[in-house]
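Asks: Please see the structure below; I have some questions.
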């Protein structure tokens, strides 16, 4: 299959690389060409715009930062949909707004192009090891057609329902992670304050009722003061803001979500926007410093 991949970031680079490794022809576009150099050396082709990347390919995949970026690279005047041929497939892996996913599906359908919203979870490790969880919204026939491609990228692949359902499911994921991250950071601070060996604590609690992905993968990074991004703080704030907007629309009050948003916003204000989400520990440490 010939595939266009638009957006080469922390996760997109690995994901596009898996498609190359599976034997697909891959054409890439990203705003900073140097981020794609490793893919180009492996045989990927370069395009100068999303519109150019989408010419004569069977599938267009996008994974960019923000809803505005999604709208630009798909629906904009130089967007991929402008050159996609009837019967090709559009897959957006970005975590974005459910309403935008539904709007893209409608616009794509008018051109004879099925569109899937397929946000992922698993961070840089899941992307690198091709074991992402992929949450998919859109037409079931299009999902079935795309399944072999998804299987190159992830291990848990679930069709959640019509367009926008993948994005709604990702909001559930982010809401759960947000509260859990507070608990992981607070637990670590408690362990340190109590004079415990945090590695030994992890050995006890890591396989019990407190077990979680964040505890297994991000707690060790916090111990090493490794705040390199598997997922950027600024992108997580974007996700939490989308979740807050959706809860307002649904008339839901989720105080844990609101607290996590405030704490991450404080971390961003202190210069942590481009750190990994595990850097939340820094915001909580600041709260506990003597006045």
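The values are calculated or read from the model by the stated rules, or taken from the named source; none is laboratory data. Bear in mind that the values here come from a model prediction, so they are computed numbers and not experimental data. Here the Cβ is made from the backbone with ideal geometry for all residues, glycine too, and neighbour counts use every protein chain on show.
Asks: Checking the conditions here, which among 23, 17 is closer than 21 Å to residue 146 by Cα and in a helix (DSSP H, G or I)?
Replies: Going through 23, 17 in turn, the sole match is 17.
Asks: Go through (1) farther than 25 Å from residue 259 by Cα; (2) in a helix (DSSP H, G or I) for residue 168 and report which single condition fails.
Replies: (1)
Asks: Going residue by residue through segment 178-193, is there one that turns out to be in a helix (DSSP H, G or I), under 17 Å from residue 122 (Cα atoms) and within 17 Å of the chain's Cα centre (by Cα)?
Replies: Yes: segment 178-193 contains one or more residues that are in a helix (DSSP H, G or I), under 17 Å from residue 122 (Cα atoms) and within 17 Å of the chain's Cα centre (by Cα).
Asks: Here's a follow-up. I need the full set of residues from segment 202-236 which are over 26 Å from the mean Cα position of the chain (by Cα) and either within 24 Å of residue 66 (Cβ to Cβ) or crowded, with 19+ Cβ neighbours inside 10 Å (or both), in order please.
Replies: 202
Asks: Taking the condition outside any loop (DSSP other than H, G, I, E, B) and out of contact with any helix residue (DSSP H, G or I) (no Cβ under 8 Å at 6 or more places or on another chain), does residue 173 pass?
Replies: Against the criterion (outside any loop (DSSP other than H, G, I, E, B) and out of contact with any helix residue (DSSP H, G or I) (no Cβ under 8 Å at 6 or more places or on another chain)), residue 173 qualifies.
Asks: Could I ask something else about it? Looking only at segment 130-148, filter to residues that are surrounded by fewer than 22 Cβ atoms within 10 Å (Cβ to Cβ) and under 18 Å from the mean Cα position of the chain (by Cα); which one of those is nearest to residue 256 (Cα to Cα)?
Replies: 133
Asks: Something else now. Is it true that some residue in segment 112-124 is under 25 Å from residue 236 (Cβ atoms), in a helix (DSSP H, G or I) and modelled with pLDDT of 95 or more?
Replies: No: segment 112-124 contains no residue that is under 25 Å from residue 236 (Cβ atoms), in a helix (DSSP H, G or I) and modelled with pLDDT of 95 or more.
Asks: If you scan segment 270-291, which residues turn out to be in a loop (DSSP other than H, G, I, E, B) and either surrounded by 20 or more Cβ atoms within 10 Å (Cβ to Cβ) or touching a strand residue (DSSP E or B) at 6+ places or on another chain (Cβ under 9 Å) (or both)?
Replies: 273, 274, 275
Asks: Ok, one more. Within the bounds of segment 150-157, is there any residue that is free of Cβ contacts under 8 Å to residues at least 12 places away in the same chain and over 25 Å from residue 258 (Cβ atoms)?
Replies: Yes.
Asks: How about segment 228-243: which of its residues are in contact with a helix residue (DSSP H, G or I) (Cβ under 6 Å, 6 or more places away or on another chain), modelled with pLDDT of 95 or more and over 15 Å from residue 269 (Cβ atoms)?
Replies: Hits for segment 228-243 are 239, 243.
Asks: Give segment 3-60 a look and list any residue that's under 24 Å from residue 112 (Cβ atoms) and exposed (fewer than 14 other Cβ atoms within 10 Å of the Cβ), or say none.
Replies: Across segment 3-60, the qualifying residue is only 56.
Asks: Related question: Confirm whether residue 99 is under 30 Å from residue 233 (Cα atoms), part of a helix (DSSP H, G or I) and not assigned by TED's automatic domain parsing to the domain that holds residue 242.
Replies: yes
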